[in-house]
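Beneath this line is the structure, given in structure tokens, with notes to follow.
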Amino acid sequence: MAKTVIKRVQDNTQEFDQEVKEVIRLGRYSEGGKRPMKVKMISQVAVDEIMARKGKLANDVDFKEIWIK
């Protein structure tokens, strides 16, 4: 899921989904519940580019409930 969101945010020439170092689910599991994910990236450049383009998700119906902080 994290790599799918990153692919939506990046440009066609960039491959930030390859920069993912670790994905961790936060909180306790509850059936049918949603839990936040913490995504660690290899480089700060990738983080800065993703944060700069996170507004692209606002217009996408599939990712309306995604928050990037």
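The set of residues in segment 20-39 being of a type outside the set (A, V, I, L, M) and under 16 Å from Lys54 (Cα atoms) consists of Lys38 alone.
For segment 45-56, state whether one or more residues are in a strand (DSSP E or B) and at pLDDT 85 or above. No - not one qualifying residue is present in segment 45-56. Taking residues in segment 18-29 that are basic (Lys, Arg), and partners anywhere that are at pLDDT 90 or above and not in a strand (DSSP E or B), the pairs with Cβ atoms closer than 6 Å and at least 6 places apart or on different chains are Lys21/Ile42. Taking the criterion of being farther than 15 Å from Val9 by Cα and either of a type in the set (Asp, Glu) or out of contact with any Lys or Arg (no Cβ under 8 Å at 6 or more places or on another chain) (or both), the residues of segment 39-69 that qualify are Ser43, Gln44.
Pairing residues of segment 32-51 that are free of Cβ contacts under 8 Å to residues at least 24 places away in the same chain and of a type outside the set (Gly, Ala, Ser) with residues that are surrounded by 11 or more Cβ atoms within 10 Å (Cβ to Cβ) and assigned to a loop (DSSP other than H, G, I, E, B), at Cβ distances under 9 Å and at least 6 apart in sequence or on separate chains, gives Met51/Ile68.
From Lys54, Lys69, grab the single residue that is within 10 Å of the chain's Cα centre (by Cα) and exposed (fewer than 10 other Cβ atoms within 10 Å of the Cβ). Give the derivation first.
Details: Lys54 fails: exposed (fewer than 10 other Cβ atoms within 10 Å of the Cβ).
Residue meeting the stated conditions: Lys69.
In segment 28-37, the count of residues that are exposed (fewer than 11 other Cβ atoms within 10 Å of the Cβ) and assigned to a helix (DSSP H, G or I) is zero.
The values are calculated or read from the model by the stated rules, or taken from the named source; none is laboratory data. Quantities reported herein were computed from a predicted structural model and do not represent experimental measurements. Don't worry about glycine lacking a Cβ; one is built from the backbone with ideal geometry, like all the others, and counts go over all protein chains shown.
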